[in-house]
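Derivation of every value follows stated rules applied to the coordinates shown; laboratory data play no part. Predicted model only: the values in this text are computed from it and were never measured. Don't worry about glycine lacking a Cβ; one is built from the backbone with ideal geometry, like all the others, and counts go over all protein chains shown.
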Amino acid sequence: MASFDFVRDKLTEWNHSDLIQRFEDEEIDEEGFLSLEETDLMKLIPKAGPRCRFRKKHNKFLKKRQQHNDDMNIQEATSLSASIKASRSSSGNITGEMVNQESRQKNIIKPLRNQPPKRSETKRSLDKLLGTLGGSVPTKNTSEVGETVYDQSEPSTSKILPLQVNIPETETKTEVKKIMQRVKSKLDDLPSTKLIDFLRGKIQKLEKDKKEIVGVFGKTGAGKSFLINTILGETKLLPSGNQGACTSVMIQVEANMTDSKYIAEIEFMTEEEWKDELWSIFSDRSFEDGNDEDHERDDDDDDDEKISALYGKDGCGATLEELMDRKHFREIPEFRLSVKKIFICDTAEELSEKITCYTRSDTQSDTFKRQYWPLVKCIIIKVPNSKDLLEHVVLVDLPGNGDCNKSRDEMWKLFVGNCSAVWIVSDIARATSEKESWDILDSTVSLFGPGGECRSISFICTKTDDIEENQKADARTCILRRNETTKRQVRDKFNKQKEIKKHFSGGKGFLQVFTVSSKEYQKEKHLQQEETEIPKLQEFLRNLNDRRTKISDYVSGAYGILSLIQGAKSSEMTDSKEEVCQVLEQRLKDEIKSIGQTMDEAYETFERCLSDGVRQSEESYEKLMNKVIAPRGKKGSGYHKVVKTLCKNGGVYKPKGKRERRKEINLNDSLASCMIKLIDEEFKTYFPNEGKRGPIREQIDTFSLDTNSLFGKHPEMSLHLIFLKTEETELKAKLNCDLREKKKKMYSTLTESIKDSMHQCYIRASEHTGKDSLKRMKDELHLHMKNNNIFHKAKKDMLGCLINLKDHIVMQLKCKLQESMDLSLKTPNSSFLPDDVTVECNKMKMYYEKLMGCSSTVQFTPTLDLHTKTTVFESQSGNGRKRVQVSTGVTMLTPEIDKELTTHNRKPTYRLQCPKAGLFQCSSTGLVFLMEGKGDMIYMMTQWDSRLLGSMTPAGPLFSIDCPEQSVRQLHLLHCMCDEKDDNLSVAHVTDGNMEIVPPLMTTATHVIVNITHLSLFGLIRNWFSFLPVRSQVLLFLRPQWNRPQKRILNVMLLPKNVPLCEVEHQQKGSTFIQSSSNCTLTPRGKYGLCCKLVANSSTKPKSGQFDYDYSPNFHPTFQVFLDCMSGAENIRLSLLDRGSNDQRVWECLIPTDFEPPQVNLINPNPGAEAELNQLSGEAFVDKHMADLIQRVKMVLHVADDLLVENMIPDELYSRILRAWTSQEQMRLLLDAVQAGGTRVKSAFYKALQIYEPRLVQDLAASR
């Protein structure tokens, strides 16, 4: 009550007593009162006059309250500062929980995500001190390359720069929100201008409400409710077990972000919608008694169950008017008022009891108790203390087949179409045999696939603890064995579902199978919690929740807004501004042109497919129609009702009942099927949900004004450029969301267009009654099809959607970015803007750098300037701030093996001597170091600690790195991802047994780049659930078979590409490394087999091996080939087969038995070719046949891979080659580099051609 008293007192004080009742009706307490926004005020106070007076007093009150809080913070910070100084004077340093402020201090390492640290009061005080006093603003530097400028001024006593406080992400967002609320209150006090209105709007839009939806499907009794309860750590949230049969109600579970209450919001259908449904039920019943031909009734009592549940005995024989009498709805006035019914409870059990009659059919009670589930469209349940899993994720328990009620069916389709992930839940005992689970997939795949945004399907087998009595003696072994068998069976069955798989472009990782036991997770009777796989599902939700990205987006947007305010205040219209503006406007025009070309290519592709589809549809429309309205095996009299209902419902018939799950009959889908079939493959290519990005999204993602390149030349414009960069990032994210929504609408255009064209025909057909009405309905439909070009209209409508998509993307980029450039670069000095946001801007900069992985000791993020070929960064030294500018050319160095350290550690320890500032790469490990000066890099591979990894898995070796001179500023770690845009990669920084996950600064085609401030252990990690293929290598080592030299063992190792060969060779001492073409692409945890041919007496063990994606310092062979006798065999042919893809060959190598490197020695059908081949050097061959090579080389990426590994081509060129669309374009880019590289590169290029294109090499050599 005290909270409401505060509101009542304030309203009375401000002469708004008339609003007290209104505020109490809306349950606005003190917290809600302080958080009121403009949209809330418009609802609470409709009249403009009172609303303006209230807003003015409300803003003034908030501002005064904030000023009071700031004064208290300053007092607390001052007290803390005094204690720090006193501590220094007595002991020389800060002890306890205070932060070490030595010049070369170390970062405080974050613990694992599932163990968030509790901040001490000292750290909170330090945060307040930083937030109150602000940070430093870097001094302007105009030095040339190589110059060093020091800031010799005395440090201000009001600023504590060296402090580095580890701020939890959730607290970061809370603080940033408070900052932006203060800025908004300052803007609200200013007169309206174009810039002020723009800034207000930007602050309003900072919070994004888009959430990821996980659709949970499964038949009654599969354990969906129990599963959701267990995942959320609740026991009695959703009713489960024997509490009644589940209904078609959709239940949406999300996080309660405001308090610790359990909340349920029940949304009803409208009175009119319920009346329509009752009328439909009565019509169906009277239909059987009429004069029409059909006397068949559905063999279920679904309608009777609804009437009985809601009305009891009163429903028997009642008329429509009697059933709509309001006496039946007295207990739920919300239904008649069309508002949500809300329950707020302290416990999950209490809430579950209250909502039972809205979710379930009580079949056990002997007495009648009114149940309201027939009136419910959806229930939203908000669960407290679940931000970790559900802050940005919604779990939706969905029926498998929609609903006969139109409003519920539309909501169901909306949910299914918005699912980011789909969970199919089934009892493990019937996972593959139960037809309903697979029917759900089959019937909904077009909605969540191309017509939706689903990126993964998970098949969840429940009740794994349910085993036979005779198995309980060895329960754990039996359960785990059955789990593995079931997983394999489910994957095998899914791979056979061609109609489902054709809708997706993803690989094997698209389907995940989990075998879970909710009971065992709670009791741990036979299995440990990890073995129940419930933690894996929790981690799945955490990864989907992705709180860090959401917070980073919010902070990035806020930083851009404050940068615009500061930039607009601090500069006039100058020549520099005009120059920057012209450069950016030209870049904008060029980038938009490139996107337009891609969209035009898409239009041409779809136009061609749709034209073929129109032709096929016109030729087969009668067959397509009869397949629905006159199917084989259905007699006319028995199918009359189906056709009648279909015509009444716009071409769709939804069978009722739960006893038999029958598919929806859709005439519109059937008529559109030819056109849909022909566009499916192209639609999957251009608009994929998962796997690689489509061409259109790739164009959006690669779109860039390249503002980074202007920082060095125009440092005075840095604030404006920061704003434009954040605007560009935000706009691209929005366009990707728009693309996802518009492509869903586009996919349904063909069906919707045909439905629209058939609308009047359906109405006319449904009006036929009496004798021969079925025949007359069919004739009506056929005649309409014959006389109307519905397929041409459907084609035109879909192509129109493509044109609209292009216009939308182009106009958004053009208008939004041009507006941002005008406001930032063409607005004169805005002295009227708030003059006291410097503190907020500095604090926001600190938060931004923390989240983006930048250290506060590095004032500027190193940025690569492709135009000046330099990298600029500013570092903090003992004498002041030091600006360093170095060349971006990478110098390849061969490391020394430090014998003393290697002997001590028993592992190779490398020493790389870097003679000056610059970029240096280790030729053995691929590591690249950005140095600010001379220094020795000392490093070695070490063992990953699985306890620190949690749900992550290594994506590269873990290196222990040291630099005595402390002159390294950036580290480039070699990765093996096929797609450089793979956002699963992160950098792990391990210190003192704790691991910090650092987001990469940038990912190139070969390396992941991260800024560093101090050295310890660094390595790449990725999500354990990621199954994306990786670049790999097959390494061959030959060793004697014990003491029998004639018998040998060939060890075959499948390893990721970024495992250093030198490390493996060190492990395989005593074996001979056989050089071969080792490159291939493998899938982590995929099954592979090795085939050895041309040697009679050989055996391979094992028959199948798993690619373990291993980064342990101890490498073991995946396969061993036992060669008993090689006499009479000249060569050995090894082939690696993918067991999961019908033994498709993924790698092959032919090696001679003397184990020399493989030579190209194919049969040459052209005499004289071999002589010319020997005579031509690699350089001459490339020069002579350049035009032919551009047109005929198909294995461009394999050749480029080899050159990249040999450091013959740079990373940037390799990235451009990957993005090129055709092999000809790829070859032109590659040959440009080969020509520029000289004899050495041409020779390497020629050797690669001999390996990957041997027949082409011989054909060209033989040509005259």
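Backbone amide hydrogens, once placed in the peptide plane, bring Leu1020 within less than 5 Å of Ala955, Gly956, Ala988, excluding anything fewer than 5 places away on its chain.
Taking 0.36 nm per residue of sequence separation and removing the Cα-Cα distance, the Cys478/Arg430 pair yields an extension gain of 15.6 nm.
Phi-derived couplings, Karplus 6.51 cos²θ - 1.76 cosθ + 1.60 at θ = phi - 60°, listed residue by residue for the range 618-632: 5, 6, 10, 5, 5, 5, 5, 6, 5, 4, 9, 8, 9, x, 5 Hz, with x used for Gly and Pro. Loop-located trypsin sites (Lys or Arg not before Pro) in the range 887-966 (DSSP state not H, G, I, E or B) with no more than 11 neighbouring Cβ atoms inside 10 Å: Arg906. Beyond 18 Å in Cα-Cα separation lie the following of the pairs Lys56/Lys186; Lys435/Lys496; Lys275/Lys327; Lys194/Lys816; Lys387/Lys523; Lys224/Lys536: Lys387/Lys523. Among the GluC sites (Glu not before Pro) found in the range 306-362, those both in a DSSP coil and sparsely packed, with 11 or fewer other Cβ atoms within 10 Å of their Cβ, are Glu331.
A cut-off of 5 Å between modelled amide H atoms, ignoring neighbours fewer than 5 places along the same chain, links Gly935 with Cys914, Lys916. For the range 1076-1092, 3J(HN,Hα) computed residue by residue from phi via the Karplus equation (6.51, -1.76, 1.60; θ = phi - 60°) reads 8, 6, 9, 6, 6, 10, 10, 9, x, 6, x, 9, 9, x, 10, 10, 10 Hz, glycine and proline entered as x.
Karplus-derived 3J(HN,Hα) values for the range 335-350, using 6.51 cos²θ - 1.76 cosθ + 1.60 with θ = phi - 60°, are 5, 6, 8, 6, 10, 7, 8, 10, 10, 10, 10, 7, 10, 5, 5, 5 Hz; glycine and proline are entered as x.
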